[in-house]
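The values are calculated or read from the model by the stated rules, or taken from the named source; none is laboratory data. Just so it is clear, the structure is predicted and the values come from calculations on it, not from any experiment. All Cβ positions, even for glycine, are placed from backbone atoms using ideal geometry, and neighbour counts span all protein chains on display.
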Amino acid sequence: MPHGNVAELHSLASELQPVAAVAALRDADAVILPSDGEESHLRALLQAIPAAIYTTDAAGRITFYNEAAAELAGRRPEIGKEEWCVTWRLYLPDGTPLPHDQCPMAIALKENRAVRGAEAVAERPDGRRVPFLPFPTPLRDGDGRLIGAVNLLVDISDRKAAEEALRASEERYRQLSETLEERVAERTRELAEANRQLQEEAAERQRAQAALHQAQKMEAVGQLASGIAHDFNNLLTAVLGNLELVEARLADDNLRRLVQAASRAAMRGARLNEQILAFSRKQHLAPRPIDLNALVADMSELLRRTLGGTVQVATVLATDLWPALVDATQIEMVILNLAINARDAMPAGGTVRISTRNADRREVKAAGLAAGDYVCVAVADNGMGMPAPVLARACEPFFTTKAPGKGSGLGLSQAFGVARQSGGDIAISSSVGDGTTVEIYLPRSVAKPLSSRDRPRTTESTAKRGMTVLVAEDQPDVREVAVAHLEALGYQVVQAANGHTALGLIRDGTEIDLMIADYAMAEMNGIALAEAARARRPDLPIVIMTGYSDISAIDAQIPNALLLKKPYRLADLAASVQSALWPESGSDGAKVVSLPRRRARQRGA
């Protein structure tokens, strides 16, 4: 190395001290200093420095490089022949290729000045790109002439990685900051929605608990009502039957009027009992395909007379109405009671609107009904309406807002019971001053309703003479009335005070054409008696009398029989006997219900 270069290297070594040259020498285990002067000493010093350093002559050819420079370049350039700028491909920081004549070392030699801050990227032979900072400095002789240059290359890969990580972190922070408000708002919405769902679930639980409590209360009242109805029906049967027998024997018109008034009072009691049974939902219904439009049309005149001149009756009947599967007598009573309630809600007069329609699936779902087709009959008024507390109790039995003596409080509870027992439901909407609408949903019938001309009728008089009827009834008053009525109709009667006596008569071979048995006899009830009688006489016509409401077992166990509901009148008893002896006559009355027939039977005179 020329002597002038030695001075410059002394100066360079001094400049390199701030960039860890001194620290590297201090931390080294040993430095072998050559004995042949300062140049060897400086070369050893530059080799020991961990920073990449190389020198060139004035033409740019490499004259020296240390191990750190060779490691950074990924190869060992040839001394005195190669230029450092061409040992690798150079790029600007943005990736643009850097021409060789724009290399910081070339600029330092060309312009004879130190170049600082010219960041560049070098591509090694293995393809890895290394960002670095060059510090090219001209070397001059004692006369100040340019004799070469020395360059310090600082690998800034770690710094770049740290800067990139910092930028990425700052970008993430910026994005988080920008979206923080949105995320907070979204989370707030999620929490609000979760809170709303919890409130709805809590409200639904409360509604379900209230509905369960109400159902349990109604069930308990229904059980009580059905038990009372049984005994009450037996009493009314004896009262009405005896009044009819007395009336038939009276010649005095004044006495006859008194007896008729008593009969009307007893019939009001019977209707009240019917309402109790309807509420308890354990009465026996005789559902048939019914044309509700025809039923409402037939009732229109009756409703107008019943409701009075201040109330108008309007009907809106669907033209494509499906048949309904319902007990016609019960639904007539329901419509009549609802119309009377509507009239009472309009003391100054108004309009009762009766409408029919087919219920679509959305309406059925909203009403909480089981999936299927339903027919709806609605009774609406434009009267006073009901406040929410009253509406909540409207279907409770004996609950009424009418003055004492003006209502039993069973009208809506009866409608509720008939609808539920028929397989439908009831919906009530009302508000104070806007009137009330009661909707009765009834199951659709797939069969067509029968008109009166379609029903078979007998055309010959019933041959009663010689026909023997066995009456099994453990209540003496009721039994005596039934016997007296049958004898008045022309039948011969054999009576039994209990089931065992009746069965003994059958076993003894007593000629019997029909058996009438009470359902709720002690020891052997009507079902057990009928089963035992059928074991000996499979074709024996049977009529079961009952004032008890829970009679579901009869349908399942006693086929080909009739049910006569207490309290009954003479006409009802006559209709049941005729239907049992001559099934084709079709003479079932409102109190007579045909149980499932497994074997048809026809009797002649």
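Structural remarks
- Taking region 345-363 as the range and being surrounded by 20 or more Cβ atoms within 10 Å (Cβ to Cβ) and more than 23 Å from Ala297 (Cβ to Cβ) as the test, only Ala345 passes.
- Within region 496-543, considering residues that are among the acidic types (Asp, Glu) and touching a Gly at 6+ places or on another chain (Cβ under 8 Å), the one farthest from Ala574 (Cα to Cα): Glu523
- Test: residue in region 520-536 that is outside any helix (DSSP H, G or I) and at pLDDT below 80: no
- For region 537-566, a tally of residues being surrounded by 22 or more Cβ atoms within 10 Å (Cβ to Cβ), in a loop (DSSP other than H, G, I, E, B) and at pLDDT 80 or above returns 1.
- Condition met for Asp101 (loosely packed, with under 13 Cβ neighbours inside 10 Å and either aromatic (Phe, Trp, Tyr) or part of a helix (DSSP H, G or I) (or both)): yes
- Failed criterion for Ala286 (all others in (1) at pLDDT 75 or above; (2) over 26 Å from Val352 (Cα atoms); (3) of a type outside the set (S, T, N, Q) hold): (1)
- Residue in region 407-422 that is more than 17 Å from Ile335 (Cβ to Cβ), buried (at least 17 other Cβ atoms within 10 Å of the Cβ) and at pLDDT 65 or above present: no
- Residue in region 144-156 that is out of contact with any helix residue (DSSP H, G or I) (no Cβ under 9 Å at 6 or more places or on another chain), without any contact (Cβ under 8 Å) to a residue 24 or more places away in the chain and not hydrophobic (A, V, I, L, M, F, W, C) present: yes
Okay, residues lined up against (1) at pLDDT 80 or above; (2) within 32 Å of the chain's Cα centre (by Cα):
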position: Asn293; (1), (2): yes, no
position: Glu301; (1), (2): yes, no
position: Gly308; (1), (2): yes, no
position: Ala324; (1), (2): yes, yes
position: Ala328; (1), (2): yes, no
position: Glu332; (1), (2): yes, no
position: Arg361; (1), (2): no, yes
position: Gly368; (1), (2): no, yes
position: Val379; (1), (2): yes, yes
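- Considering the conditions (1) among the acidic types (Asp, Glu); (2) out of contact with any His (no Cβ under 9 Å at 6 or more places or on another chain); (3) touching a residue at least 12 places away in the same chain (Cβ under 8 Å), Asp141 is excluded by exactly one of them, (2).
- Number of residues in region 231-258 that are part of a helix (DSSP H, G or I) and over 19 Å from Glu480 (Cβ atoms): the value is 6.
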